[in-house]
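The values are calculated or read from the model by the stated rules, or taken from the named source; none is laboratory data. Bear in mind that the values here come from a model prediction, so they are computed numbers and not experimental data. Positions of Cβ are backbone-derived with ideal geometry, glycine not excepted, and every protein chain shown enters the neighbour counts. The protein model used for the area step is the full one, side chains on, heavy atoms only, and it has no ligands, DNA or RNA in it. Shrake-Rupley method; radii C 1.70, N 1.55, O 1.52, S 1.80 Å.
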Amino acid sequence: MDAPADPRATWGLPAAGELPRRADLEPLVTRVLAPNPSGMTLDGTNTYVVGAPGAGQAVLVDPGPDDTAHLAAVEAALADRDARCVAVLVTHHHGDHAEAALPWGAHFGAPVAAAGAAVAGPGGRLLDHGERLSLAGTTIGVVATPGHTGDHLAFRLESGAVLVGDHVLGRGTSVVTHPEGDVVAYLESLRRVHDLGPSALYCGHGPELTEDPGAVLDYYLAHRAYREHQLLTALAAGAASVEDVVATVYAEVPRSLWPAATQSTRATLAKLRAEGRVEFGPGEAVRLA
Ligand SMILES: [Zn+2]
């Protein structure tokens, strides 16, 4: 099995660190980049301001870090749209997406909506798959996309674009966290978003993907299958622990990303154990069943 090719390699997407701090992506959507770049958050967290032009209202999706400069940038984007914030939606509980949700919700006097009660807060709204939210002059569809985390949601816009949080990233691939994440659910969620036929993917980190979103989702599915194949090959070749497997499969990935790679590896091993294909123990030992 060969490594699948990333279709984005030929798209001319902005290089790391060169994503514009703010961009109007379509009449419904402005993207505001938070100043929290890192190996895991790429250029930083993308906060999306969503609303029908002229509605006088907008929704924030993934407010991101509770940072003064970021709040000022989001307020400037709202002002330029002549809009006030009427709701804060959150894709998942990780702090780089959710930290500002409750403080900014209070600041704007807007309810917070998310899949989990801890994120939505006491006055918030819990979202379920299939709901259609009428907000800011438009309709936003709630799409359950568990996998990266258990509570992960995507939001489908009237334009056909899907805000995918950390389910799909603008560059590279996402992490299936462990023990919370779930590889089987993650793959189902990729197919679920694919089935929507998205016109664009607006990612939690990195550039927006507009050229061929379906090809990126196909690549993500193929990448997971390839990693599983590599993992099984490493075990067959003598790797005997999670650490061995990560060192073999992720040999070409910077070591700073190995903790995340270890989580994805553990998540894949959990799937393979459930399928009766690997066995664990004692300790960190792992072998083919
Ligand atoms: Zn994130």
Where Phe108, Phe280 fall by accessible area, highest first, once all protein chains stay in place (1.4 Å): Phe280, Phe108
Beta bridges by DSSP in the chain, antiparallel share as percent, to the nearest 5: 70
Helix-only CD estimate at 222 nm, as mean residue ellipticity for the chain, using -39500 (n - 2.57) per DSSP H run (n ≥ 4): -9500 deg cm²/dmol
Computed magnitude of the charge dipole of segment 200-251 (debye, nearest 20; Cβ of K, R +1, Cβ of D, E -1): 160
With all protein chains modelled, accessible area of Tyr250 [1.4 Å, Å²]: 20
Accessible area in the full protein assembly, largest first, 1.4 Å probe, for Ser241, Ser199: Ser199, Ser241
HN-Hα J in Hz across segment 193-199 - Karplus 6.51, -1.76, 1.60, θ = phi - 60°, x for Gly and Pro: 5, 4, 5, 6, x, x, 7
Long-range amide H partners of Thr138 with built H, under 5 Å: Ala52
Radius of gyration and Dmax over the Cα atoms of segment 1-144, both given in Å: 15.8, 53
In degrees, nearest ten, helix 68-80 long axis to first principal axis of the chain (Cα): 50
In Å², nearest 10: area of Cys85 left accessible to a 1.4 Å probe: 10
DSSP-assigned coil residues among trypsin sites (Lys or Arg not before Pro) in segment 1-51, each with at most 15 further Cβ atoms within 10 Å: Arg21
Rough spin-label spacing in nm, given labels placed 7 Å along Cα→Cβ, for Leu257 and Leu196: 2.5
Calculated on alpha-carbon atoms, Rg and Dmax of segment 62-210 in Å: 14.7, 43
Accessible-area ranking of Ser256, Ser159, largest first, probe 1.4 Å: Ser256, Ser159
Positive minus negative residues near His70 (Lys, Arg vs Asp, Glu; Cβ under 12 Å): -4
Between 0 and 90°, nearest 10: helix 258-274 axis offset from the chain longest Cα axis: 70
Calculated FRET value between Leu126 and Thr173, using beta carbons and R₀ = 35 Å, to 0.05: 0.75
Potential lengthening between Ala15 and Thr248 on full extension [0.36 nm per residue; Cα-Cα distance subtracted]: 81.1 nm
